[in-house]
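Shown next, in structure tokens, is the structure this report addresses.
Rule-based calculations on the coordinates, nothing more; no lab input. Treat the numbers as computed from the prediction; the structure is a model and nothing was measured. Reconstructed Cβ throughout: ideal geometry from the backbone, glycine too, with neighbour counts over all protein chains shown.
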Amino acid sequence: MLLEDAEATNALGVALAQTRPARGVVYLHGDLGAGKSTLARALLRALGVTGAIRSPTYTLVERYPLAAGDEAWHLDLYRIGNGGELEFLGLDSDEATLWLVEWPERGGGFLPAADLRVDLEVAGQGRQANVTAITETGRAWLARLPAVNPRAVAADS
């Protein structure tokens, strides 16, 4: 889908937040400047996160409390050498109810499996976003997204 401007990217983040399952993992793919952090910020804001939402470029992970004691984790793995470094962060997939992972391909086998994969690329003044469901949870999430026609988006089996 074409995201014509930052407002459209924010709208996708809001839609993802409003339709998210109780537990979900989103892998965010795209080159530098493609809009991964913008999308993650919009999603977190829509979930009620207040204050600064920092890019985890240098910290690798930022944790955000959500309603009902839930927690969202935003990871940016661009600067890690290999997934083994994640082991030292002590990330337990049961602690967070939402994972937003930028550059997940650098995480090796140390990340939970994605429910959704969002590919972003620059397209003129906007972005092209392709949302792919990976798991049954992801397929149900995608089906609830008002901004996405599930029949028009490829879903892996």
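In the chain, once you exclude exposed trypsin sites (Lys or Arg not before Pro) (DSSP loop, at most 16 other Cβ within 10 angstrom), what's the longest stretch remaining? Intermediate results must be reported in sequence, preceding the final value.
Numbers: sites that count: 23, 54, 79.
Longest stretch, sites excluded: 80-157.
Test of understanding: in a Gaussian network model of the chain with alpha carbons linked when under 10 Å, which of 109, 124, 13 would top the mean-square fluctuation ranking?
124
Under 10 Å from the Cβ of residue 125, count the other residues' Cβ atoms, weight Lys and Arg +1, Asp and Glu -1, and hand me the total. Write out the running numbers ahead of the final one.
Details: positive: 127; negative: 4, 5.
The answer is -1.
Report the net charge of residues surrounding residue 137, where surrounding means a beta-carbon distance below 12 angstrom and charges are Lys +1, Arg +1, Asp -1, Glu -1. Working shown, then result.
Details: positive: 20, 23, 139, 144; negative: 115, 136.
Spelling it out: positives minus negatives among the neighbours equals +2.
How would 37, 55 line up from fewest to most surrounding beta-carbon atoms within 10 angstrom? Can you show the working numbers first?
Values: 37 19, 55 16.
Ascending Cβ contact count within 10 Å gives the list 55, 37.
Would you mind calculating the relative contact order of the chain from Cα pairs under 8 angstrom and at least 6 residues apart, reporting the percent as a whole number? Present the calculation step by step, with values, prior to reporting the outcome.
Values: 302 pairs, mean separation 46.4, N = 157.
RCO, the chain: 30 percent.
Starting from the amide H of residue 24, placed 1.01 Å from N in the peptide plane, find each other amide H under 5 Å away whose residue is 5 or more places distant or on another chain.
Correct list: 98, 99.
Please state the shape class of the chain: rounded when a/c is under 1.5, otherwise prolate if a/b exceeds b/c and oblate if not, all from the C-alpha gyration tensor. Each step should come with its number before you reach the end.
Details: a/c = 1.34, a/b = 1.28, b/c = 1.05.
The shape class here is rounded.
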